[in-house]
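Asks: Structure in structure tokens, see below.
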Amino acid sequence: MTPDDNISIVDYSPAHTRELVRMWRESFERAVGVIDPHPFEEQIQFFVEKLVPENRVLVVLEKATGAIIGFMASTPEMISQLYVHVDHQRKGIGRMLVEIAKRNSSGRLRLYTFKANRSAQSFYERQGFKVIGTGFEKEWQLEDIEYEWLNSET
């Protein structure tokens, strides 16, 4: 059975907001190993006022329940956010989202992940992304890694 049989990927709508942000927050905290200190309503405001206007946001829905189990915010140049609920990882969902981003890209994609998120590093490297830099994210006070993917066919 492929992920296509169990999920649907749709464009974001405002009705998704609260459930999506809840899933994003839980997945982030478990992946990075920190508790998000930002109030939930503040994270919703960031999502609605910053992330949505600057990115195409795709939402992954579980067909059986309609639950939000992942999302990706991206532009043709950058994957800003990509999270799959921890109970649904390693099923090909993240790979499907990255493939969509690659197809819609300008031939080059960049993204950042936290150094503490070893699982994400491994995932992106399997998808053909290469480390191009390291830094420090001031908002979170965490080291981060910048990745890049180049389309070898262009």
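None of the figures in this text is laboratory data; all of them are computed from the coordinates on show. On a predicted model such as this, the values are computed, not experimentally measured, just so you know. No Cβ is skipped: glycine too gets one built from the backbone with ideal geometry, and neighbour counts run over all protein chains shown.
Asks: Counting helices only, and only those DSSP H runs with n ≥ 4, report the 222 nm mean residue ellipticity of the chain as the sum of -39,500 (n - 2.57) divided by its residues, in deg cm²/dmol to the nearest 500.
Replies: Numbers: 5 runs with 47 residues, N = 154.
So the calculated ellipticity at 222 nm is -9000 deg cm²/dmol.
Asks: May I ask what percent, to the nearest 5, of DSSP beta bridges between residues of the chain are antiparallel?
Replies: Details: 30 of 31 bridges.
Bridges in the chain are about 95 percent antiparallel.
Asks: Then there's this: Relative contact order of the range 3-150: what whole-number percent is it, with Cα pairs under 8 angstrom and at least 6 residues apart? Before the final figure, lay out each step's value.
Replies: Details: 222 pairs, mean separation 29.6, N = 148.
Computed over the range 3-150, the figure is 20 percent.
Asks: Once you place label points 7 Å from the Cα toward the Cβ at R30 and W140, how far apart are they in nm?
Replies: Going from the R30 label point to the W140 one covers 1.6 nm.
Asks: A follow-up question, please. Taking the dipole about the Cα centre of the range 3-150, with the C-beta of Lys and Arg at +1 and of Asp and Glu at -1, give me whichever of T65, A101, F136 is farthest to the positive side.
Replies: A101
Asks: Are there chymotrypsin sites (Phe, Trp or Tyr not before Pro) in the range 94-154 that DSSP puts in a loop and that have at most 16 other Cβ atoms within 10 Å, and which ones? All intermediate terms of the calculation are to be shown ahead of the outcome.
Replies: Numbers: sites: Y112, F114, F123, Y124, F129, F136, W140, Y147, W149; in loops: F129, W140.
Qualifying residues, ordered by number: W140.
Asks: Taking K50 as the anchor, which lysines have their alpha carbon closer than 29 Å to its alpha carbon, excluding any fewer than eight residues away along the same chain?
Replies: Straight-line reach from K50, under 29 Å: K63, K102, K115, K130, K138.
Asks: Okay, next question. Net charge near F40, counting Lys/Arg +1 and Asp/Glu -1 over other residues with Cβ under 14 Å of its Cβ? Walk me through the numbers before you get to the answer.
Replies: On the way: positive: R18, R22, R25; negative: E19, E26, E29, D36, E41, E42.
Computed value for this residue: -3.
Asks: Just want the answer: with Cβ charges of +1 for Lys and Arg and -1 for Asp and Glu, which residue in Q43, F123, S74 is farthest toward the dipole's positive end in the range 3-150?
Replies: So the residue furthest toward the plus end is F123.
Asks: Could I ask something else about it? Suppose every K and R has +1 on its Cβ and every D and E has -1 on its Cβ; what is the size of the dipole of the chain about the Cα centre, in Debye to the nearest 20? Spell out each step's value before the answer.
Replies: Values: 19 positive and 23 negative charges, 83 e Å.
The calculation lands at about 400 debye.
Asks: Taking Cα centroids, how far is the range 116-132 from the range 5-70 in Å?
Replies: Answer, in whole Å: 21.
Asks: Another one. Computed from the coordinates I sent, Cα extents along the principal axes in Å equals one of (i) 38, 37, 28; (ii) 75, 29, 23; (iii) 48, 33, 28. Tell me the label.
Replies: (i)
Asks: Enumerate by residue number the GluC sites (Glu not before Pro) in the range 1-90 meeting two conditions: DSSP loop (anything except H, G, I, E, B), and at most 15 other Cβ atoms within 10 Å of the site's Cβ. Write out the running numbers ahead of the final one.
Replies: Values: sites: E19, E26, E29, E41, E42, E49, E54, E62, E77; in loops: E77.
Here the sparse-neighbourhood loop sites are E77.
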